[in-house]
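Down below is the structure, laid out as structure tokens.
What follows draws every value from the coordinates through simple rules; no lab data is involved. This one's a predicted model, so the numbers in the text were calculated from it and none came from an experiment. Ideal geometry is used to build each Cβ from the backbone, glycine not excepted, and the neighbour counts take in all protein chains shown.
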Amino acid sequence: MSNQRRPADDFEVTSELPDSPIHTTGTDHITLIGSNTEDTIEFYRDILGMPLVLRQPNLDDPSSTHLFFDTGDGRIITFFVSDDRRSNRGPQRAGVGGVHHISFSIDPEEFVEIREALDEEWRGYNEFDRGIFHSLYTQDHNGLVIELSTDKWAIPDDRRGEVLATAQRIREEDGADFAEERHIEQALEELEMDVEKFDLPDAPTGAGM
């Protein structure tokens with residue numbers, strides 16, 4: 001048996017459901033190991049504006065608390081916290097199995113105000129135009145990279161995968177290294193969807209940084 005791994009280009013990109021024994025219906029929640037209750041609520045509720053919708057003991061370890069936050073569309077992010085843990089904004093932990101970053105959606109019409117709010121909270125951030133979306137990157141109280149992202153176009157949630165997969169095909173045919181604005185616009189036109197682009201500020205791509 002060969003130990004050679006198939007490269008990424010060997011795998012088809014498509015919005016069609018795969019021939020698999022299970023098909024998920026969406027993201028229910030993501031759970032992270034947090035620090036303490038106070039710092040976690042201060043960042044996710046008081047800065048990012050996520051309601052704290054449930055608090056109970058961690059059912060697998062009753063010595064810690066399980067906090068549930070609504071990220072804005074009913075999808076939930078949760079934290080296992082304990083008040084004897086200190087927050088740590090040190091360097092991000094890296095490696096296989098680690099969390100690189102978490103991205104939350106924001107309203108494109110509030111993008112500039114949200115950026116100003118990060119300034120007012122003395123939160124450092126980076127802003128990038130990623131071609132198909134526009135993002136602010138900051139960190140929570142434990143050094144976890146948090147992306148605040150908005151699509152550049154009004155795309156219905158139930159057709160987002162279809163648009164991205166079509167843009168991927170167009171990008172490959174175009175020979176471009178990554179998806180750019182024109183690829184999304186062409187995808188929307190091909191799928192006969194309205195092309196409604198939001199007015200967002202100019203920013204670098206951040207590619208290769």
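Restriction of the GluC sites (Glu not before Pro) in segment 1-89 to DSSP coil positions whose beta-carbon has at most 16 other beta-carbons within 10 angstrom yields GLU12, GLU16. Dividing the convex hull volume of the alpha carbon atoms of segment 41-191 by its residue count gives 153 Å³ per residue.
Hey, fewest Cβ within 10 Å first, where do LEU48, LEU191, LEU67 land in order? Write down the numbers at each step before the final one.
Working: LEU48 19, LEU191 13, LEU67 23.
The fewest-first ordering by Cβ neighbours comes to LEU191, LEU48, LEU67.
Report summary: the helix-based calculation at 222 nm, which adds -39500 (n - 2.57) for every DSSP H run with n ≥ 4 and divides by the residues of the chain, gives -6000 deg cm²/dmol. The orientation-averaged projection of the convex hull spanning the C-alpha atoms of segment 153-200 amounts to 3.3 square nanometres.
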